[in-house]
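See structure below.
Here, each number is a calculation from the coordinates, and none is a lab measurement. Note that the structure is predicted; figures quoted are calculated from it, not measured. Here the Cβ positions follow ideal geometry from the backbone for every residue, glycine too, while neighbour counts run over all protein chains shown.
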Amino acid sequence: DIYFDSVFIDFDNTLFDSYQFVEDAREVSKKFGIDEKIFNRAVHTAVHGREGNYYDYTFEFHLELMKEMGAEFSNIELLQRFEDLLIENKYEFDDSKEFLGFLKGISKKVYLLTAGNKNFQKKKLGSTDLADYLDDILICHAGKENLIGETIDSYDKALSINDNLRENKSIVKKYPEMMIITRLNDKKYSEEDAKEIGVRYFKTLNEIQKYVGEQIK
């Protein structure tokens, strides 16, 4: 039965294994003789932006930063190898599809809410089988909480699922009436970190599905 008017679900490390994706890009870079420290510094800046908190990662920006940091490699070849990572559906979590199917069954609209470069986020989504389960794709460089407010105007029948605690904190503050759930990203945060925000947190999508199912009975 439909319970929610809208569900907002994050992409990176919620539905898509971005850690493995970056790990594979790191391995590719090693084969090109690129120092791991340079790769790591460049990927951090490419993801968070030169000023920080402005998500705009692209392969091209990542390569440009590594060159700036002194790495030498063939741009065309490495770019191609990076692009090859997204040819197959390798990074969609095993339970993502089932979870989105569940959300579609309980909500009028399911929005993907993701921060990053518009074209690049769509490219990553395109490597998965998840697009059919989404009613709309919302992409911003920062300020996810503002995008929620621009998309819907009542929040008591809305659900947000995301792994980023800083973003979740902003969403809680702005929309206390929303149901907000943290998909615990234990590579980045401890359970203590998650507890501090005061919203429910779970390690897997299956656990979230079980919890939400119980809440809306």
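P(r) tail, region 18-84: Cα-Cα pairs separated by more than 21 Å, 13% of all pairs.
What is the antiparallel percent of DSSP beta bridges lying wholly in the chain, to the nearest 5? The answer is about 5 percent antiparallel. Only Cα pairs under 8 Å and 6+ residues apart enter the sum, and on that basis the relative contact order of the chain stands at 24 percent. Taking a straight Cα-Cα cut-off under 17 Å and skipping sequence neighbours fewer than 8 places away in the same chain, the lysines within cross-link reach of residue 90 are 122, 123, 124.
Once the Kirkwood radius over Cα pairs is known for region 70-151, the Stokes-Einstein relation at 4 °C and 1.567 mPa s delivers a diffusion coefficient of 88 µm²/s.
Rounded, prolate or oblate, given the Cα gyration tensor of region 106-217, with a/c below 1.5 counting as rounded? Because its axes are fairly even, with a/c under 1.5, region 106-217 counts as rounded. Farthest toward the positive end of the dipole of region 18-84, out of 19, 82, 40, is the Cα of 40, where the dipole comes from beta carbon charges about the Cα centre. On a per residue basis, the convex hull of the C-alpha atoms belonging to region 177-217 measures out at 65 Å³. The length gained by stretching the chain between residue 98 and residue 30 to full extension, at 0.36 nm per residue less their Cα-Cα distance, is 20.9 nm.
As an equivalent ellipsoid, the chain spans semi-axes of 33, 18, 16 angstrom, where each value is the square root of five times an eigenvalue of the C-alpha gyration tensor, largest first. For the pair region 44-83 / region 112-167, the C-alpha centres are spaced 23 Å from each other.
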